[in-house]
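Before any comments, here is the structure.
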Amino acid sequence: MKKIVKYLLFIIIAINLLILISGKSWIYKAISITYLKGHTSSYIHDFVHFPANTIEAGTHQEWLIAKDYNKANLPEFIKPINKELETVAFLVIINDSITYEEYWHGYSEDSASNSFSMSKSYISTLVGVAIKDNIINIDQKVCDFLPEYCGEKEKLLTIKNLLTMSSGLNWNESYYNPLGKIAEAYYGNNLKELVMNLKVVETPGKVFKYYSCNTQLLAFILESTTGKSINEYASEKLWIPMGAKHPALWNTDKKEGDEKAFCCINSNARDFARIGKLYMNNGNWNGTQIIDSTYVSQATSAADLLDKDGNKNLNYGYQFWITNYKDLDIYYARGLWGQYVICIPDKDMIIVRLGRKYGKSLEDGHHEDFYQFIDAALEMYD
């Protein structure tokens, strides 16, 4: 027994030494936030364990409430799916009016939840704002803003390449590697060091590869050219003009550090829905043009790229996912575990779903539950 204890102690010490030598001490934080709290990965309320900067709100602009608000019933087929996937919020907006909403697991219209990668669509929107304000243009070189990207190959990289996820950078987006770059980006404390030392290893602007580092670099470009932190810029250009009810929290890599732009805006279903309304109205918010309609069209159309299998890209624009389903053109913001803001222009419909799990990934690049939530809303209101 003593030998077993000594052996286990030796293994523990050896593992800790390897972690410290490798410089991956953020692993301790990951373990404390996940496994020691009964989870095996990130979760929608883990934001309370990370430092954050605030996206300040201004004067609240209330949503219109439809006359038939909550008079429709959820289809029976979606109820076991909501239960299995632990949906916490389901919101349907038609003609800019809330038509249906329901919350579960103690959540309400005011409950904050992690956007995960839906934040990428917000960064894209802020890029659109900066373009409209003539601060940047989409074809500018990244090198113009970040000197770390002025190498022989890196100087070819453009803002558009980052927006369309075609940077060709040496990044690994594996969500199942606890020692990988995306895990370090999420749990680590130095985003700049992580993404400023990447190299272009494939020709930019050719192949779509979904890399979170692209969004993070866009955020650093915006900060460089505006002189404002991302949370400040988002507050001034989006949260206040769109009349969000609550301030949002944008998690950072450390206290008063850099926002994790590739993820981690923490807000509620009603305030998340506002970006859907902005795009459904061609970048106009109640008479104020926040982003140009041309940018909206480009952001929500498939970029002229190949996918990793050599087929034409049909799924991605400027940090928005895209599909055609039931002869309906659809674009949406998407985050891990099935966070969705879904826009269906032909139906003047916005669907917001927040939850703890998502359905299986399909060959077309989307998730099974994504289609199921659309089916539910269409059955209720089509």
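In table form, for the structure just shown:
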item	result
Test: residue in region 283-292 that is over 28 Å from Asn137 (Cα atoms) and in contact with a Gly (Cβ under 6 Å, 6 or more places away or on another chain)	no
Residue within region 361-376 that is within 19 Å of the chain's Cα centre (by Cα) and either of a type in the set (Lys, Arg) or closer than 20 Å to Asn281 by Cα (or both) present	no
Check on Asp253, closer than 22 Å to Ser97 by Cα, among the acidic types (Asp, Glu) and touching a residue at least 12 places away in the same chain (Cβ under 8 Å)	no
Conditions (1) of a type in the set (Ser, Thr, Tyr); (2) touching a strand residue (DSSP E or B) at 6+ places or on another chain (Cβ under 6 Å); (3) surrounded by fewer than 18 Cβ atoms within 10 Å (Cβ to Cβ): number failed by Ser108	(2)
Some residue of region 194-204 being surrounded by fewer than 17 Cβ atoms within 10 Å (Cβ to Cβ) and of a type in the set (Val, Ile, Thr)	yes
Residue that is surrounded by the most Cβ atoms within 10 Å (Cβ to Cβ) [pool: residues in region 49-81 that are among the hydrophobic types (A, V, I, L, M, F, W, C) and within 18 Å of the chain's Cα centre (by Cα)]	Ile55
Cβ pairs under 7 Å, 6+ apart, first in region 353-367 and under 21 Å from His39 (Cβ atoms), second of a type in the set (Val, Ile, Thr) and in a loop (DSSP other than H, G, I, E, B)	Leu354/Ile44; Arg356/Ile44
Residue ID - surrounded by the most Cβ atoms within 10 Å (Cβ to Cβ), chosen from residues in region 273-297 that are among the hydrophobic types (A, V, I, L, M, F, W, C) and under 15 Å from Ala244 (Cα atoms)	Ala273
Selection within region 357-374 - surrounded by 17 or more Cβ atoms within 10 Å (Cβ to Cβ), in contact with a strand residue (DSSP E or B) (Cβ under 9 Å, 6 or more places away or on another chain) and part of a helix (DSSP H, G or I)	Asp369, Phe370, Tyr371, Phe373, Ile374
Neighbours by Cβ (under 9 Å, 6+ apart or cross-chain): first from region 328-348, among the basic types (Lys, Arg); second surrounded by fewer than 17 Cβ atoms within 10 Å (Cβ to Cβ) and outside any helix (DSSP H, G or I)	Lys347/Leu328; Lys347/Asp382
Enumeration of residues in region 46-81 that are assigned to a loop (DSSP other than H, G, I, E, B) and of a type in the set (A, V, I, L, M)	Ala57, Ala66, Ala72, Leu74
Members of region 106-158 that are small (Gly, Ala, Ser) and outside any helix (DSSP H, G or I)	Gly106, Ser108, Ser111, Ala112, Ser113, Ser115, Gly151
Helices (runs of 4 or more DSSP H) enclosed by region 159-208 - at least 3 residues per element that are touching a Lys or Arg at 6+ places or on another chain (Cβ under 8 Å)	181-187
Residue within region 165-181 that is modelled with pLDDT of 95 or more and of a type in the set (Lys, Arg) present	no
Qualifying residues in region 82-105 (those that are assigned to a helix (DSSP H, G or I) and not basic (Lys, Arg)) - the one farthest from the chain's Cα centre (by Cα)	Glu84
Test: residue in region 336-350 that is within 18 Å of the chain's Cα centre (by Cα), of a type outside the set (Val, Ile, Thr), farther than 27 Å from Asn73 by Cβ and modelled with pLDDT of 95 or more	yes
Residue that is farthest from the chain's Cα centre (by Cα) [pool: residues in region 106-133 that are closer than 17 Å to Gln319 by Cα and among the polar types (S, T, N, Q)]	Thr125
In region 304-325, the residues that are part of a loop (DSSP other than H, G, I, E, B) and surrounded by fewer than 21 Cβ atoms within 10 Å (Cβ to Cβ)	Asp304, Leu305, Asp307, Lys308, Asp309, Gly310, Asn311, Asn313, Leu314, Asn315
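The values are calculated or read from the model by the stated rules, or taken from the named source; none is laboratory data. Values in this document were obtained by computation on a predicted structure and should not be read as measured data. Quick reminder, even Gly has a Cβ in these numbers, built from the backbone with ideal geometry, and neighbours come from all protein chains shown.
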